[in-house]
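A quick write-up on the structure given underneath.
The values are calculated or read from the model by the stated rules, or taken from the named source; none is laboratory data. Everything numeric here is computed off the predicted structure, so don't read it as measured data. Ideal geometry is used to build each Cβ from the backbone, glycine not excepted, and the neighbour counts take in all protein chains shown. The protein model used for the area step is the full one, side chains on, heavy atoms only, and it has no ligands, DNA or RNA in it. Shrake-Rupley method; radii C 1.70, N 1.55, O 1.52, S 1.80 Å.
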Amino acid sequence: MFQSARLKLTAWYLLIIMLVSGSFSIAFYRASTNEIQRVIDRIHYVQSQSNQLMIPAPPNTVITLHDLQDIKTRLELLLIIVNGFIFVLAGGAGYFLAGRTLRPIQVMVDEQNQFISDASHELRTPIATLRAEMEATLLEKHLGDREARQLIESNLEELGKLQELANSLLQIAHASDAKGIASDSVALNDVIQTAYKKVAPMAKKKRINFIFSRVEGKVKGDKSALVEVFVNLFDNAIKYSAEEKNVTVNSINKKHSTIIKVKDEGIGIAQADLPHIFDRFYRVDKSRSQADGHGLGLSIVKKIIEAHNGSVAVASILHKETIFTITLPLI
């Protein structure tokens with residue numbers, strides 16, 4: 001599809017360039033030949049007058065006339081060659097520019113297709129589980145109250161996973177739309193403390209100790225979205241750390257930005273996985289169960305931070321630590 005569109009766009013580029021080049025060449029040719037013709041007519045006039053008055057023609061007049069005719073012919077050939085060269089050059093340049101023009105569209109469509117494929121794959125498992133459980137239950141001749149309750153509980157668990165996935169997909173769509181991001185003045189320290197309160201019960205359950213340094217400064221943005229960023233980062237830090245480990249949150253303010261680092265003492269991330277860690281539906285450990293999430297948390301983090309004109313990076317040492325670095329512009 002894109003190859004066909006690229007060729008069509010190239011043809012349009014080429015048509016426009018050749019129309020401009022052809023129009024210029026025709027105008028130039030007509031102006032040049034008109035001047036040459038005036039000189040030729042003048043020579044003919046001088047020759048006719050010389051013949052009538054029996055005066056010898058000026059020296060080299062005939063040779064000059066032949067030269068002018070030759071110049072006219074060479075001018076035609078030169079313009080044909082030049083336009084042929086322009087045609088080839090414009091064709092190559094147009095093909096290249098058409099590819100550059102369509103590249104963002106192709107990337108967007110490829111990402112959309114990949115997103116649909118990944119989302120369909122994630123939806124398939126809980127839906128298949130729901131269907132299998134209900135079909136198996138229907139085959140039973142005598143369904144007691146206990147079995148019915150177990151089925152409902154299992155179905156509710158799977159529906160919860162579907163709802164979590166739907167909410168995550170909506171968060172990505174919301175974060176991808178810059179117009180959907182609020183532009184309030186947000187204190188970063190309040191954002192981090194609010195995020196910590198949401199994960200505190202899980203941290204206490206694993207006896208994970210959070211160490212904070214006060215984050216100074218304010219940013220222009222959406223507080224709830226920024227809270228979601230740190231909830232995801234804190235949740236990952238707790239989930240992939242052993243009991244009684246530390247999670248450190250500190251920041252450094254520069255002239256126009258702040259750099260916030262979230263460091264855990266967890267299992268770390270392999271170097272081969274680091275380039276893909278922010279991809280949608282990507283999991284470092286493919287063997288993890290669906291209960292560990294859908295691989296959308298860090299993708300949401302990246303989308304939200306980029307919507308706030310910031311950046312996020314990750315560094316890790318396997319089996320030792322992981323550090324997420326967030327940079328945001330201050331107001």
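Assorted remarks:
- Once the C-beta distance of Ile259 and Asn113 is scaled by a Förster radius of 30 Å, the resulting FRET efficiency is 0.25 to the nearest 0.05.
- Put the Cα centre of the stretch 291-331 next to the Cα centre of the stretch 98-170 and the gap is 26 Å.
- Cα lying deepest toward the dipole's positive end in the chain, options Leu77, Leu165, Asn113, charges on Cβ: Leu77
- Sum of side-chain charges, Ile172 neighbourhood, beta-carbon under 9 Å (Lys, Arg +1; Asp, Glu -1): +2
- Candidate values (1) 168; (2) 246; (3) 150, label of the one derived for volume of the Cα convex hull per residue in Å³: (2)
- Under DSSP loop assignment and at most 14 Cβ neighbours within 10 Å, longest GluC sites (Glu not before Pro)-free interval of the chain: 1-139
- All other residues whose Cβ lies under 13 angstrom from that of Glu228 are scored, Lys and Arg at +1 and Asp and Glu at -1, for a net of +2.
- Taken along the Cα-to-beta-carbon direction at a fixed 7 Å, the label points for Glu216 and Thr101 span 5.1 nm.
- Residue separation of Lys205 and Thr129 scaled by 0.36 nm, minus their Cα-Cα distance, works out to 24.4 nm of gained length.
- The residues of the chain have, on average, 63 Å² of accessible surface per residue, using a 1.4 Å probe with all protein chains present.
- Residue list for the stretch 229-257, given a label point 7 angstrom along the Cα-to-Cβ vector of Ala313 and an amide N cut-off under 17 Å: 250-257
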